[in-house]
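Report on the following structure.
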Amino acid sequence: MSATIGVLPPVSARRRRTDRVARALLGLATVVALVPLVLVVYYLLKRGLGAISWHFFSTDPTGAFIGDPGGIKSALLGTVEIVGLATLIAVPIGIGVALYLVEYGRDGRFAATVRYFVDVMTGVPSIVFGLFVYITLVIGGFVTDGYAAWKGAVALALLMLPVVTRSAEVVLQLVPDALREAALALGAPRWRVVTRVVLPTAAPGLVTGSLLAVARAAGETAPLLFTSAIVLGTNFSLGQRTNSMPIQIFNDVGQAQDRLVERAWGTALTLVAMILLLNLVARLIARRSRLS
Amino acid sequence: MSTDMTTPDKTTPSTSDSAPAGAPMARMPGRPGAATAKAMALRDVHAFYGDTHAVRGVSLDYAANRVTAMIGPSGCGKSTLLRCINRMHEEIPGAYTKGTIELDGIDLYGKAVDTTAVRRVIGMVFQKPNPFPTMSIFDNVAAGLRLTGRKGSDLKERVERSLHGAGLWDEVKDRLGKPGVSLSGGQQQRLCIARAIAVEPEVILMDEPCSALDPIATLKVEELIADLKERYTIVIVTHNMQQAARVADTTAFMLNGEMVEHGATSVIFTNPTDPRTEQYVTGKFG
């Protein structure tokens, strides 16, 4: 044993053992977490791929008890309509609220209250939003009678609003104060600082946050169940009952016919692929962002 | 922009500037016959951050077309005082100012005065270069004009003139469309100076403009300051006493929020009246 070992003792066998055990446990946890993920994707592909064809995307559900069950055209277009309208409602309001919180409300009591309620809204189960819209707009017969695509969009927008607000707030806070100060010191009024400096700087992050909210809303079933309901045919009127993919899955999976269950798997695969695509786009935009 | 505050309500007739109200644009950075910048007077200025009393009754005169250096240890209130002059101090929640600050006889804290107008005539250069990351070199310089709603047809000439004024034109003339943040640190700081002079201020405040720069970039900015004083009144906060000695005509020493001494730079550094000034400039504390 040389003298240097006394100065720099080697890592003890016990510590090395502990390290190995801890690493193994963490690795195991990761594998366990991955199992359901992989299985979901595996079953989606296994059961869903068979249903996918041009016919699947280009025909409406027939509703026929025997023979051709039809595809999911109405559900696909309905989801695009409803989620699109929900995005048009939720994104401007959500970014507006975030702008208020970051640029004007700051640490005031009102801003703190708003922040708290936004957090509460994030935790509200999605079916509650559906129920709320059902009671107020559907039963109440607000503007249009009964179920309507726009009412489903309102329910989804309520769901998206806190997500958009929270993500936008984080992104706006990432815009360095030095930039706001630089613009203010040039003699710019606050609204121009916001529109010409803060928003362009935060834009990629705002788009990313909004896309993630869209992806989340696109797969929601509960808010649509008793707001836009279900229908067979394709419908471009926002004031009518409109089909959507989550509702189509919900409906088909409960049927005692293999053809319909297969259609449900195909619809699920399509929906997951759509959401995955949205996430990918969001990530690409986030990577280009100048704020990290 | 008739809100330009140097022209209306003018009580003290200035020596050479007789631009009528509504035509402040006539005063260009490249205008002939220099020495048209304005003098500033601070009287019993106090600044607060909530309960913290950061600046305690400072009175000081900034002569036109002179460089005044503000020196003093960290936390002595010199940066805060600087931010009171262009009314940026009040942007911080809970912060407020007392006392009077006059530019050419006009009270910047007067009731009818618009803060944005104050900031248009009193430009500012910050400690860290802060070009707008979404904008090109050209757009950064034009930003001050666009952000204050004064585009005009001569935008190109103004940008070029400002870049010349900041000694940056030859380095960037072939890549005006490139992002402002693609420049080096020293170039970015000169870009920020170009941005500040593009709006044609009377006064330029510099808050430790070289503390983030290397010695060569610092030298360039210091040479630039010497050029700029022909057209502007300059106040520079600095931690670097050699820098104050190099660039400033007069130097003011602050300590604990109070003005200790203000005089010709050579006097402050060689023969100060106050023993505290002497201790500071000879490096006994700070």
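Bear in mind that the values in this text are calculations on the coordinates, not laboratory data. None of these values were measured; they are calculated from a predicted model. Glycine also receives a Cβ, built like all others from the backbone with ideal geometry; neighbour counts cover every protein chain displayed.
Report ³J(HN,Hα) in whole Hz for each residue of segment B:228-233, in order, from the Karplus equation J = 6.51 cos²θ - 1.76 cosθ + 1.60 where θ = phi - 60°; Gly and Pro get x.
In residue order, the calculated couplings are 5, 5, 5, 10, 10, 8 Hz.
Please report how far the C-alpha centroid of segment A:136-180 lies from that of segment A:209-223, rounded to the nearest whole angstrom.
Value for the Cα centre distance between the two parts: 11 Å.
Run a plain Debye calculation on the protein assembly as shown (Cα atoms as equal point scatterers, no solvent) and give log10 I(q)/I(0) at q = 0.07, 0.09, 0.10, 0.11 Å⁻¹, rounded to two decimals, same order as the q list.
For the requested q values the scattering log ratios are -0.63, -0.84, -0.92, -0.99.
Grab the beta carbon distance between A:Leu45 and A:Ile127, set R0 = 35 Å, and tell me the FRET efficiency rounded to 0.05. Don't skip to the end; give the middle numbers.
On the way: r = 29 Å, r/R0 = 0.83.
Result of the calculation: an efficiency of 0.75.
How large is ³J(HN,Hα), in whole Hz, for each residue of segment A:157-167 in order, when computed from phi with the Karplus curve 6.51 cos²θ - 1.76 cosθ + 1.60 and θ = phi - 60°, using x for Gly and Pro?
4, 4, 5, 6, 3, x, 5, 4, 4, 4, 5
To the nearest 20 debye, what charge dipole does segment B:214-269 have about its Cα centre, counting +1 at the Cβ of each Lys and Arg and -1 at the Cβ of each Asp and Glu? Please report the intermediate quantities before stating the final value.
Working: 4 positive and 8 negative charges, 11 e Å.
Result for segment B:214-269 is approximately 60 debye, rounded to the nearest 20.
Suppose every K and R has +1 on its Cβ and every D and E has -1 on its Cβ; what is the size of the dipole of the protein assembly as shown about the Cα centre, in Debye to the nearest 20? Provide the component values of the computation, followed by the final result.
Values: 58 positive and 48 negative charges, 309 e Å.
Magnitude of the dipole: close to 1480 debye.
Determine ³J(HN,Hα), in whole Hz, for all residues of segment B:208-218 in sequence, where each value follows from phi through the Karplus function 6.51 cos²θ - 1.76 cosθ + 1.60 and θ = phi - 60°; x replaces Gly and Pro.
6, x, 10, 5, 9, 10, 7, x, 5, 5, 4
Test of understanding: what is the full-extension gain from A:Asp68 to A:Gln255, defined as 0.36 nm times their sequence separation minus their Cα-Cα distance? Show your work: numbers first, answer last.
Working: separation 187, 0.36 × 187 = 67.32 nm, distance 1.49 nm.
Full extension from A:Asp68 to A:Gln255 adds 65.8 nm.
Tell me whether segment A:1-134 comes out rounded, prolate or oblate; compute the Cα gyration tensor, take square roots of the eigenvalues as a ≥ b ≥ c, and use a/c under 1.5 as the rounded threshold.
Details: a/c = 3.82, a/b = 1.44, b/c = 2.66.
The shape class here is oblate.
Set Lys and Arg Cβ to +1 and Asp and Glu Cβ to -1, take the dipole of chain B about its Cα centre, and tell me which of B:Met40, B:Thr270, B:Met206 lies farthest positive.
With unit charges placed on the Cβ atoms, the residue in question is B:Met206.
Quick check on chain A: helices-only [θ] at 222 nm, where DSSP H runs of length 4 and up contribute -39,500 (n - 2.57) each and the sum goes over total residues. Nearest 500, please. All intermediate terms of the calculation are to be shown ahead of the outcome.
Values: 12 runs with 195 residues, N = 292.
Calculated at 222 nm, the ellipticity per residue is -22000 deg cm²/dmol.
With viscosity set to 0.890 mPa s and temperature to 25 °C, compute the Stokes-Einstein D of chain A, Rh being the Kirkwood radius across alpha carbon pairs; µm²/s, no decimals. Working shown, then result.
Values: Rh = 22.3 Å.
Estimated diffusion coefficient is 110 µm²/s.
Of all GluC sites (Glu not before Pro) in segment B:186-272, which ones are in loop regions per DSSP and have a Cβ with at most 16 other Cβ atoms within 10 Å?
Numbers: sites: B:Glu202, B:Glu222, B:Glu223, B:Glu230, B:Glu258, B:Glu261; in loops: B:Glu202, B:Glu230.
Sites meeting the loop and neighbour criteria: B:Glu230.
Assigning unit charges at the beta carbon (Lys, Arg +1; Asp, Glu -1) and nothing else, what dipole magnitude in debye, to the nearest 20, does segment A:120-251 show about its Cα centre?
Details: 8 positive and 5 negative charges, 41 e Å.
It works out to roughly 200 debye.
Can you sort A:Ile95, A:Ile275, B:Ile268 by how many other beta carbons sit within 10 Å, fewest first?
Working: A:Ile95 22, A:Ile275 17, B:Ile268 28.
In increasing order of surrounding Cβ atoms, one gets A:Ile275, A:Ile95, B:Ile268.
When only alpha-carbon atoms are used, what values of Rg and Dmax, in angstrom, describe segment A:121-203?
19.1, 55
Please list, in chain and number order, the residues 5+ apart from B:Met70 or on another chain whose amide H is under 5 Å from its amide H, with Hs placed from the backbone.
Residues meeting the amide H criterion: B:Ile236, B:Val237, B:Thr238, B:Ala252.
Along the charge dipole of the protein assembly as shown, which of A:Ala98, B:Gly165, B:Ala194 sits closest to the positive end, that is, farthest toward it, with unit charges on the beta carbon of Lys, Arg, Asp and Glu (+1, +1, -1, -1)?
In the protein assembly as shown, that residue is A:Ala98.
Which of B:Asp154, B:Asp104 comes first, and how do the rest follow, when ranked by fewest Cβ neighbours within 10 Å?
Numbers: B:Asp154 13, B:Asp104 22.
With the sparsest Cβ surroundings first, the list reads B:Asp154, B:Asp104.
For B:Val260, what residues show an amide H to amide H distance below 5 Å, using hydrogens built from the backbone and excluding near sequence neighbours?
It is B:Phe253, B:Met254, B:Leu255, by chain and number.
Give the shape of segment A:239-282 as rounded, prolate or oblate, defined through the alpha-carbon gyration tensor: a ≥ b ≥ c are the square roots of its eigenvalues, a/c under 1.5 means rounded, and otherwise the shape is prolate if a/b is larger than b/c and oblate if not.
Judged from the Cα gyration tensor, segment A:239-282 comes out oblate (a/c at least 1.5, b/c at or above a/b).
Toward the positive end of the charge dipole of chain A, about the Cα centre and with charges on Cβ (Lys, Arg +1; Asp, Glu -1), which of A:Ser167, A:Leu224, A:Gly70 goes farthest?
Of the candidates, A:Ser167 comes out farthest on the positive side.
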